[in-house]
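Values quoted throughout were computed directly from the atomic coordinates according to the rules given, and no laboratory measurement underlies them. Being a predicted model, the structure only gives us computed values, none of them experimental. Note that we place each Cβ from the backbone using ideal geometry, even for glycine, and neighbour counts take in every protein chain shown.
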């Protein structure tokens, strides 16, 4: 005869269950204890508002500056065109956002090059909320600047007042307006923290005389204006220094003196117009092959000022032996160690002017005058 097997109860499990239920009960009691007593007042009313005195003059000035400058600041959305593999339709895919500002009533918009880099289209939203298709006018990657154009009517366009940057002082108040994280027309304030800084542009060239500020600059501020206390443009916000990629108290702006020189060239020619020597050079080969710091001339363009001046290029003979050409080690009294040193001097010159090159040729220094020619087309 079979007898049913009755499971044996474990007294430990029962004790654990009792403890758990006790703890739950304590939590519930503690939670509901918040609501003990006469907490609610059916007569509750809004507090009486405490009047305040008039705004401080400094606050009034900041408000007036923002109201004056905000209509000149724009919101830029970049896009890329992609073809759908199934329908073969061309799609516009959002790429990123940034800021910019109105240059004039013809519809030219200034922003950073890195804001529109790799984009195939862009839209510009004005302060009145209207959005316009933008066309790319010109770029200057060496300065992280670009110019767009929209076909908005002049009455909708309020150009930003332009100031100067050569006379700025550390400690001056500054104001940045932009669209960080997509939040349009955000105002941040600070001071000029440093002058004559150097940052590396997208092209790898050094941007000089950069303004350092502690006014908060975050992703989306790029391309927006940095203003002085008179509401004038003194720089274009272009970079932040932060390991995390977010604001950390150090921001940089391209100085307006550079902007005011470069932007008209982009509008007229689509690129920066600097006179040329008529040579091609290599930056690191001079030190590696000749132990000399400078720019090794690799090629001299036919008909150029360099050819007429007798500048010697690097040649390779029929046996594959390299015959080093001239090495540029100076220009008009300035030392030339790299490409930036040469271009800095050339940008201050005009087509038709002459410069004096100091060359390392066959183990000795020589000086040769060269007439500058137009930029390549």
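Values as computed for the structure displayed
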read-out	value
Computed label-point distance, nm, for sites residue 317 and residue 79 using a 7 Å Cα→Cβ extension	6.2
Difference of contour (0.36 nm per residue) and Cα-Cα distance, residue 298 to residue 64	78.6 nm
Kirkwood-Stokes translational diffusion coefficient of the stretch 173-269, alpha-carbon pairs, 37 °C, 0.692 mPa s, µm²/s	244
Inter-label distance, nm, simple model (7 Å from Cα along the C-beta direction), residue 209/residue 289	3.5
C-alpha center-to-center spacing [the stretch 337-377, the stretch 163-232] in angstrom	33
Residue 16-residue 172 pseudo-label distance in nm [points 7 Å out on the Cα-to-Cβ vector]	7.3
Rg in Å to one decimal, and Dmax rounded to a whole Å, for the stretch 279-371 via C-alpha atoms	12.8, 42
Estimated FRET transfer efficiency (residue 230, residue 337; beta-carbon r; R0 45 Å; 0.05)	0.70
Förster-model FRET efficiency, 45 Å R0, residue 366 and residue 164, C-beta, rounded to 0.05	0.65
